[in-house]
Amino acid sequence: MKVSFFSTKSYDRDFFERFNTSHEIIFFDTHLSLESALLAKGSDAVCVFVNDQLTSEIIYKLHELGIKIIALRCAGFNNVVLDTAQKLGIAVVRVPAYSPQAVAEHAVALIMTLNRKTHKAYNRVREGNFSLERLTGFDIYGKTIGVIGTGKIGNAFARIMLGFGCKVLAHDLYPSADLEALGVSYVSQNELLSSCHIISLHCPLTPETQHLISTDTLRLMKHNAMLINTSRGGLVNTKAVINALKTGQLGYLGIDVYEQEADLFFKDLSEYVIQDDMLLRLMSFPNVLITAHQGFFTEEALSEIAKVTLQNLSDFESGNLNPATTLVGG
Ligand code: NAI
């Protein structure tokens with residue numbers, strides 16, 4: 001099958017070339033847009049990533065070009081208008097779980113860095129500054145941790161935090177009996193927000209969860225609490241969070257995702273003037289840590305993404321789509 005890959009980086013090429021044995025792949029650096037969609041002419045499939053916006057208009061364009069399947073090389077699918085794909089008979093497949101541990105462990109890395117300020121200590125020591133002034137952290141042991149969304153990643157994260165000796169509270173539409181058996185308590189979202197020292201978001205971005213963290217919900221949180229978001233930027237109202245950081249209501253913020261990340265993340269913009277004033281404001285806080293959507297970025301996860309995506313394409317070709325990875329059957 002001939003597949004046009006959009007938004008590719010050197011690591012995508014490395015991993016897909018390593019595992020591909022049966023498809024003809026054309027790699028493009030560019031995002032998928034109405035204009036760049038034309039690059040897919042002659043292909044049977046497109047393969048896209050988190051910040052490629054599959055709007056109805058673009059899906060219609062892909063349909064016109066003869067595209068039969070959209071392969072997402074990610075888990076989240078909030079960037080695809082599934083109804084349009086369904087209507088046009090275009091299949092949509094994804095990689096539902098490539099390494100939940102990778103993202104869960106990255107959330108823990110954000111917590112530990114914000115708390116123990118290892119990023120600052122690293123720079124200080126390199127400059128011969130061995131002072132401990134303002135590097136005070138707190139014990140994670142014994143703290144109450146809130147997990148919103150206990151699917152694959154939230155589940156892995158909750159288990160790690162139980163291992164730290166934390167009390168873990170969770171909120172999900174479908175509580176996990178496994179986690180309950182391990183001592184996790186499910187509570188309402190408001191109770192979780194008001195009871196936890198650290199809150200980590202692991203639910204998908206949906207109309208219900210958009211701006212789940214807002215001025216109103218930030219007010220419910222403990223003074224000086226830590227908020228971690230490795231899920232999707234749209235879960236957090238950035239302006240509200242900036243205000244809460246300014247007043248000290250929010251004590252720490254660790255984000256791997258950002259609502260307006262599509263024009264920024266995965267690019268080297270170090271020689272450009274960044275135009276996003278909200279992101280620059282966030283970057284100016286000493287108690288904010290931002291990483292550029294790297295939660296998934298481990299050897300294991302990249303291998304799994306490549307293997308499952310290639311298998312999804314082969315399954316489509318042989319008429320045997322795997323229900324576990326299929327969003328729209330085509
Ligand atoms: P999942 O589908 O296994 O789990 C999501 C959980 O959220 C489910 O248990 C669901 O019931 C729950 N949920 C849905 N709506 C909710 C609501 N309103 N309130 C509370 N819980 C709700 O998904 P998984 O694999 O754990 O991924 C979670 C999110 O992580 C993805 O949607 C994606 O946005 C993000 N992600 C981020 C990555 C990164 O590199 N930073 C990589 C992979 C995923």
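Values in this text are rule-based calculations from the coordinates and carry no lab data. What you see is a predicted model, and the numbers here were worked out from it, not measured in a lab. Counting neighbours? That spans all protein chains shown, and the Cβs are built from the backbone with ideal geometry, glycine included.
Which of the residue pairs 143/222; 117/152; 2/41; 239/267; 61/87; 68/152 have a Cα-Cα distance greater than 21 Å in the structure shown? Before the final figure, lay out the partial values.
Working: 143/222 12 Å; 117/152 28 Å; 2/41 10 Å; 239/267 24 Å; 61/87 14 Å; 68/152 29 Å.
Going by Cα-Cα distance, 117/152; 239/267; 68/152 fall outside the 21 Å limit.
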Under 17 Å from a point 7 Å along the Cα-to-Cβ line of residue 55: which residues of segment 80-95 have their amide N that close?
80-85
State, to one decimal in nm, how far the label point of residue 173 lies from the label point of residue 188, with both points 7 Å from Cα in the Cβ direction.
1.9
What's the local net charge at residue 136, with K and R +1, D and E -1, over the other residues with C-beta under 12 Å away?
+2
In the neighbourhood of residue 91 defined by beta carbon distances under 13 Å, the net charge of the other residues (Lys, Arg +1; Asp, Glu -1) is 0
Checking a compactness column here: for segment 220-330, what do you get for Rg(Cα) / (2.2 N^0.38 Å), N being the number of residues?
1.42
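I need the peptides 311-322, 285-296 ranked by packing, meaning the mean over residues of other C-beta atoms within 10 angstrom, with the highest value on top.
285-296, 311-322
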Explain nothing, just the number: relative contact order of segment 1-91, from Cα pairs under 8 Å at least 6 residues apart, as a whole percent.
29
Which residue, 121, 265, 155, has the largest displacement toward the positive end of the dipole of segment 100-290 when charges sit on each Cβ (Lys, Arg +1; Asp, Glu -1)?
121
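If you take the Cα Rg of the chain and divide it by 2.2 N^0.38 Å, with N the number of residues, what do you get?
On the way: Rg = 21.0 Å, N = 330, 2.2 N^0.38 = 19.9 Å.
It is 1.05.
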For residue 141 paired with residue 294, estimate the spin-label separation in nm (one decimal), with each label point 7 Å from Cα along the Cα-to-Cβ line.
3.0
The answer for the per residue Cα convex hull volume of segment 106-209, in Å³, is 116
Once you place label points 7 Å from the Cα toward the Cβ at residue 121 and residue 287, how far apart are they in nm?
2.0
DSSP-defined antiparallel bridges as percent of all bridges, the chain, nearest 5:
5
Kirkwood-based Rg to Rh ratio, segment 100-290, C-alpha trace:
0.97
Using Cα-Cα distances under 8 Å and only pairs 6 or more residues apart, what relative contact order does segment 145-290 have, in percent?
19
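Which whole-number percent is the relative contact order of the chain (Cα, under 8 Å, 6+ apart)? Walk me through the intermediate numbers first.
On the way: 611 pairs, mean separation 63.3, N = 330.
This gives 19 percent for the chain.
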How large is the convex hull of the Cα atoms of segment 151-218 per residue, expressed in Å³ as a whole number?
86
What are the trypsin sites (Lys or Arg not before Pro) within segment 92-146 that DSSP puts in a loop, where the Cβ has at most 13 other Cβ atoms within 10 Å?
134
Burial order of peptide ranges 268-279, 42-53, 174-185 (average beta-carbon count within 10 Å, highest first)
42-53, 174-185, 268-279
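What number, in nm² with one decimal, is the all-direction average of the projected area of the convex hull of the alpha-carbon atoms of segment 1-130? Provide the component values of the computation, followed by the final result.
Values: hull surface 42.3 nm².
Here the figure is 10.6 nm², rounded to one decimal.
Give me the net charge of residue 279's neighbourhood, meaning all other residues with Cβ under 11 Å from the Cβ of residue 279; Lys, Arg count +1, Asp, Glu -1.
Values: positive: 281; negative: 259, 261, 263, 276, 277.
Overall, the nearby charge balance is -4.
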Note down the Stokes-Einstein diffusion coefficient of segment 245-289 in µm²/s, whole number, using a Kirkwood radius over alpha carbon pairs, 4 °C, and 1.567 mPa s.
110
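How large is the charge dipole for segment 100-290, taken about the Cα centre, if only the Cβ atoms of Lys, Arg (+1) and Asp, Glu (-1) carry charge, to the nearest 20 debye?
640
Nothing charged except the Cβ atoms of Lys and Arg (+1) and of Asp and Glu (-1): what's the magnitude of the dipole of segment 134-239 about its Cα centre? Round to the nearest 20 debye. Could the numbers behind the result be given before it?
Numbers: 9 positive and 7 negative charges, 82 e Å.
Computed about the Cα centre, the dipole is about 400 debye.
If you place +1 on the Cβ of every Lys and Arg, -1 on the Cβ of every Asp and Glu, and leave all else neutral, what size is the dipole of the chain about its Cα centre, to the nearest 20 Debye? Don't skip to the answer; put the middle values down first.
On the way: 28 positive and 34 negative charges, 178 e Å.
It works out to roughly 860 debye.
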Any idea which of 188, 38, 66 is furthest toward the positive side of the dipole for the chain, if Lys and Arg beta-carbons carry +1 and Asp and Glu beta-carbons -1?
188
Go through segment 108-200 and name the chymotrypsin sites (Phe, Trp or Tyr not before Pro) that are in a DSSP coil and have 10 or fewer other Cβ atoms within 10 Å of their Cβ.
130, 141
